[in-house]
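One structure is given below, encoded as structure tokens.
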Amino acid sequence: MNDIAFIGGGNMASALIGGLVRGGRPPAQILVVEPFEAQRDKLAQAFGVAPLAAADARLRSAATVVWAVKPQLFAEAAAPCAAFVAGALQLSVMAGIRSEAVVRASGSARVVRAMPNTPALIGQGIAGLYARAEVDAAARGEVEALFAPTGQSLWVAREDDLDAVTALSGSGPAYVFYFIEAMVKAGTEMGLDAAQARRLAEATFAGAAALSRGSPQLAPAELRAQVTSKGGTTYAAITSLDEQGVNAAFGRALHAARHRAEELGRAG
């Protein structure tokens, strides 16, 4: 019983499967239940796995089951799996769905919830992790190893903290793309072509993030102050953002994302 099974074969499952295969896990030890034929074909071609169209008794061989379906589809996806997965460690990458719902659906109290993000697809992600008390240190280590090829991981002590992780980093890549989109638009309005503006915006985000990561002794506000000379160009931009309430609006946006994660949890 050393197989790993994925219920759902979308982007996040693909990122994890790719990491397993690159790490030497034989594709024959990776089970995937994926109802859509086109996605099954894509997984088979990319990773050499043989996805199942529906759950069956082969799931009993899985030591770990990864729930990677859309939260709204969890109950529907779990019903045909329940008879086969109770002996496995349950790992959920579904936003909002509480661990107690996974316990009820799977018959196993050994549940870890994870909130990864899409940069995991290129090994640059970060996943927030929460484990129920029934999960021992060895199982935590297995989960960390599973996420290692996709980037970083961070344990939180309270399950409710995952809603904040969802709002901050789970949904976070979209915020970055949103700002890059706005910077590219402004750049083209100022005379640059789209390719130039995109290159400048992407390099600026990547460089600023690297500088912040490499300067743990400085708060983000201090880093910002270092490039914001009073009366200068950056000062003009930041002043404009402050006058329009962008900081507060962005905070409200993250709270809205957390609230939605809480709603998904209650629905599950």
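The values are calculated or read from the model by the stated rules, or taken from the named source; none is laboratory data. The model shown is predicted, which means the values in this text are computed figures rather than measured ones. Here the Cβ positions follow ideal geometry from the backbone for every residue, glycine too, while neighbour counts run over all protein chains shown.
Name the residues in segment 9-50 that are crowded, with 17+ Cβ neighbours inside 10 Å and closer than 14 Å to Ala62 by Cβ, would you?
Matches in segment 9-50: Ala13, Leu16, Ile17, Leu20, Arg25, Ile30, Leu31, Val32, Val33, Val49.
Taking Leu154 as meeting all but one of (1) surrounded by fewer than 18 Cβ atoms within 10 Å (Cβ to Cβ); (2) in contact (Cβ under 8 Å) with a residue 60 or more places away in the chain; (3) farther than 20 Å from Arg22 by Cα, write down the number of the exception.
Of everything listed in (1) surrounded by fewer than 18 Cβ atoms within 10 Å (Cβ to Cβ); (2) in contact (Cβ under 8 Å) with a residue 60 or more places away in the chain; (3) farther than 20 Å from Arg22 by Cα, Leu154 misses just condition (2).
Name the residue, out of Ala248, Ala206, that is under 29 Å from the mean Cα position of the chain (by Cα), farther than 27 Å from Gln124 by Cα and at pLDDT 95 or above.
The unique qualifying residue is Ala248.
Residue-wise test of (1) in a strand (DSSP E or B); (2) in contact (Cβ under 8 Å) with a residue 60 or more places away in the chain; (3) not assigned by TED's automatic domain parsing to the domain that holds Thr64; (4) not aliphatic (A, V, I, L, M).
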residue: Arg104; (1), (2), (3), (4): no, no, no, yes
residue: Ala109; (1), (2), (3), (4): no, no, no, no
residue: Ala114; (1), (2), (3), (4): yes, no, no, no
residue: Ala120; (1), (2), (3), (4): no, yes, no, no
residue: Gly128; (1), (2), (3), (4): yes, no, no, yes
residue: Glu134; (1), (2), (3), (4): no, no, no, yes
residue: Ala139; (1), (2), (3), (4): no, no, no, no
residue: Glu142; (1), (2), (3), (4): no, yes, no, yes
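Every residue, every condition in (1) buried (at least 22 other Cβ atoms within 10 Å of the Cβ); (2) under 13 Å from the mean Cα position of the chain (by Cα); (3) within 16 Å of Ala13 (Cα to Cα), yes or no:
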site	(1), (2), (3)
Gly96	yes, yes, no
Glu100	no, no, no
Val103	no, no, no
Pro116	yes, yes, yes
Pro119	no, yes, yes
Ile122	no, yes, yes
Ile126	no, yes, yes
Ala133	no, no, no
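List every residue pair whose Cβ atoms sit under 6 Å apart, with the two residues 6 or more apart in sequence or on different chains, where the first one lies in segment 246-257 and is under 17 Å from Asp160 (Cβ atoms) and the second, anywhere, is surrounded by 14 or more Cβ atoms within 10 Å (Cβ to Cβ).
Leu254/Ala167; Ala257/Ala167; Ala257/Ser171
Could you tell me whether Val65 is aliphatic (A, V, I, L, M) and either at pLDDT 95 or above or assigned by TED's automatic domain parsing to the domain that holds Arg260 (or both)? Steps first, answer last, please.
On the way: aliphatic (A, V, I, L, M): yes; either at pLDDT 95 or above or assigned by TED's automatic domain parsing to the domain that holds Arg260 (or both): yes.
Yes; evaluated as a whole, the condition is true for this residue.
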